[in-house]
1. Along the positive direction of the dipole of segment 113-209 (beta-carbon charges: Lys, Arg +1; Asp, Glu -1; about the Cα centre), which of T113, V190, L124 reaches farthest?
2. Suppose a student asked you for the relative contact order of the chain, using Cα pairs under 8 Å spaced at least 6 residues apart; what percent would you report?
3. Which value, in debye to the nearest 20, describes the size of the charge dipole of segment 113-209 about its Cα centre when Lys and Arg Cβ atoms bear +1, Asp and Glu Cβ atoms bear -1, and nothing else is charged?
4. Roughly how big is the chain's charge dipole about its Cα centre, with Cβ charges of +1 (Lys, Arg) and -1 (Asp, Glu), in debye to the nearest 20?
5. Modelled label-to-label distance, R155 and D169, 7 Å Cα→beta-carbon offset: nm?
6. Springs between alpha-carbon pairs under 10 angstrom, Gaussian network model over the chain: which of Q104, Q115, Q202 fluctuates most?
7. What value does segment 69-164 have for Rg/Rh, both radii from Cα atoms and Rh as Kirkwood defines it?
8. Rank V190, V94, V265 by mean-square fluctuation in a GNM of the chain with C-alpha springs under 10 angstrom and give only the top-ranked residue.
Amino acid sequence: MSHIPVLAEAALDWLGIKGDGVYVDCTAGLAGHSTLIASRLTTGRLIALDRDPASVEVARERLAGYPNAVVVHGNYGELKAVLAGLGVNEVDGVLIDAGFSSMQLEDARRGFTFQQEGPLDMRLDASSGATAGEFLARVGEVELARVLKEYGDVRPARRIAAAIVRRRDRGAMDTTGDLAGAVCEALDFVSGQPDEVRTVFQAVRIAVNDELRWLQKGLEEAIDVLRPGGRLVAIAFHSGEDRIIKNVLRDASRPRRDLYPDGRVRSVRPPRVRILTAKPVKPGAAEIARNPRSKSALLRAGEKLEQGGAAG
């Protein structure tokens, strides 16, 4: 199974890997980034984790030749607890790649793709949580429209939500083909398959896995576990993810004010992070030609400051 990690060179450069450092790949996937990190370590350590048990199995196989690497089934939104379970309190770098692996997208049984018929599942961890089918069975039309707009940047969100609910209410929302069909019904004036099919699948997947909430929590916990000088590198694939990454880094780079109930300033805590990327790093033309899925990737990075350091 081939896999091309997105923005691999940039990610490793911004992590600033030291041979004796401790690094976390929060989204191991098919171990593309993980293998590159592990190969640069000497006495250091790599901790790779993933919410998807299938990805954990593949990553373990691919990292078997690296005794300095361990792969854990876990959610990066609970990063501190995962690391504590391994006896780790501080690390030198954290990588979060919010994208999906080809293995997940190409397996019709997972329900992530509209290109093949499959069950409406879409769970990253198929051992827990509600499926996409269960989510669509109970969600209201107004809430569904909000999900489509916020998580998929879907413009005709109300129109598509209404079509999905109509099809659901007549008992015809069981497969990925049914969901794609509802979008096509809503946009029957479009010749061919509308691009909104892709963005609707994206939005439903994000809602099912609560991805944006976990992303924000994971970024915040990553900053907590970094030692001074340690780096956080995060890769987004759509505006919602990038907005969260940008905002978390921005907030961590500013002084924090603790206030009394009456609004007076109790204390001012110094910035925690120095932002390294003034603008997001994007893949070049050569990478996009090699790996078209990288086209929408945006990388941002920050460095943990000493207590009292300047964010400058």
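1. V190
2. 17 percent
3. Roughly 260 debye, rounded to the nearest 20.
4. Values: 44 positive and 42 negative charges, 219 e Å.
Dipole size: approximately 1040 debye.
5. 2.7 nm
6. Between Q104, Q115, Q202, it is Q115 that shows the largest mean-square fluctuation.
7. 1.07
8. The residue with the greatest mean-square fluctuation here is V265.
Bear in mind that the values in this text are calculations on the coordinates, not laboratory data. Only a predicted model underlies this, so the values are computations on that prediction, with no experimental measurement involved. FYI the Cβ positions are ideal-geometry reconstructions off the backbone, even for glycines, and counts take in every protein chain you see.
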